[in-house]
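First up is the structure itself, then whatever we jot down about it.
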Amino acid sequence: MAQPEFAHGLAGSAKRAGATALDQWLGFRTDLIAMQAEYSNEHWQIAAAAVTGFSHEADDIPCQDSFAAATIDDWVVAVVSDGAGSAAFAEKGSQALVKTVVLALRELLRLRGLQPTIDEFRHALVAAIEHTRNSLSEKGELKNFAATLVGFAARASGGMFFHLGDGTALAASSQDWTTGPISQPENGEYANETYFFTADDWSGHLRLLPVTGEYDTWIAMSDGCMPFAMTKGNAGLYQPFIAPLAEHFIAVPEADAISALSETLKRPEIRAITGDDKTFVWAHRRSGPHK
């Protein structure tokens, strides 16, 4: 199968009658945000990394996981996508999806004065996913770009998880890693089956979970991280993994935190647990001046 052409950004589309400002904006904006090293602001510190699993390295397959994150005022938005191993261009699908979703939610927050409703969040997510599907379908069969979606939009007073397929998102307190809300993965009839944004029935599996309460840490991860980052049964974070990492992240500059996370995900002990791609996004609400 020939590799399709991928121009920078997504193809534009005509504005339609009755479209909201967000829909119109998604239709013509093409300079998608880059997955760059600096995401943080005075309110939030972010450390994120995606690494290729050794099973993919052995077969010369690129990392099919992707992530994107952004801050706007006191909000943080983060998205993780795991491309399907059976999809020919899974990494392209996951890359397009995370960028478009983060961009849409960031713009929603701007348009709604940082006070969107849950229905507006859902509308923005649906618009972003439909836009990604339409753009990719012009490049080839949609099933070849199959990928999952998991992420969060959060501020000091709470936020929201959004989820389609497997992976996990959660909120916690750095003073108590054992409690906090979790968005659980949704698998199919068999353990190794899940749901993708490219499926015909994708909207029926898109879940939004509002979160109330003050949590200083929000995390999203692909399923490749769950065997070592979560406790048995996905009941909560595995404290021996997260506690020392989070303590280090808070103590060092952002670039050093990102490097430490990437190196951790590549460690031999981790590789021995799973050969899958691994993506981990950590967002921590600052309590004082940042480095």
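The values are calculated or read from the model by the stated rules, or taken from the named source; none is laboratory data. No experiment lies behind these values; they were computed from the predicted model shown. Cβ placement follows ideal geometry from the backbone for every residue including glycine, while neighbour counts extend to all protein chains displayed. Calculation scope for accessible area: heavy atoms of the full protein, side chains included, ligands and nucleic acids excluded. Shrake-Rupley method; radii C 1.70, N 1.55, O 1.52, S 1.80 Å.
General remarks:
- Against the list (1) in contact with a Leu (Cβ under 7 Å, 6 or more places away or on another chain); (2) open to solvent by 70 Å² or more (accessible area, probe 1.4 Å), the condition residue 206 fails is (2).
- Per-region count, the stretch 57-112, residues in a loop (DSSP other than H, G, I, E, B) and either touching a His at 6+ places or on another chain (Cβ under 6 Å) or open to solvent by 50 Å² or more (accessible area, probe 1.4 Å) (or both): 10
- Residues (among the aliphatic types (A, V, I, L, M) and open to solvent by 20 Å² or more (accessible area, probe 1.4 Å)) located in the stretch 246-269: 250, 251, 252, 255, 258, 260
- When 255, 243 are screened for being under 22 Å from residue 98 (Cβ atoms) and either part of a helix (DSSP H, G or I) or touching a helix residue (DSSP H, G or I) at 6+ places or on another chain (Cβ under 7 Å) (or both), only 255 passes.
- Scope the stretch 154-186; condition charged (D, E, K, R) and open to solvent by less than 20 Å² (accessible area, probe 1.4 Å); matching residues: 166
- Members of the stretch 122-134 that are touching a strand residue (DSSP E or B) at 6+ places or on another chain (Cβ under 6 Å) and among the hydrophobic types (A, V, I, L, M, F, W, C): 125
- Residues in the stretch 236-245 that are open to solvent by less than 70 Å² (accessible area, probe 1.4 Å) and either touching a His at 6+ places or on another chain (Cβ under 6 Å) or not aromatic (Phe, Trp, Tyr) (or both): 236, 237, 242, 243, 245.
- Filtered residue count, the stretch 187-215, keeping only those that are modelled with pLDDT of 95 or more, charged (D, E, K, R) and in a loop (DSSP other than H, G, I, E, B): 2
- Residue in the stretch 216-238 that is polar (S, T, N, Q), in contact (Cβ under 8 Å) with a residue 60 or more places away in the chain, assigned to a loop (DSSP other than H, G, I, E, B) and under 21 Å from residue 62 (Cα atoms) present: yes
- Among residues of the stretch 132-157, those that are more than 17 Å from residue 198 (Cβ to Cβ) and not in a loop (DSSP other than H, G, I, E, B), counted: 5
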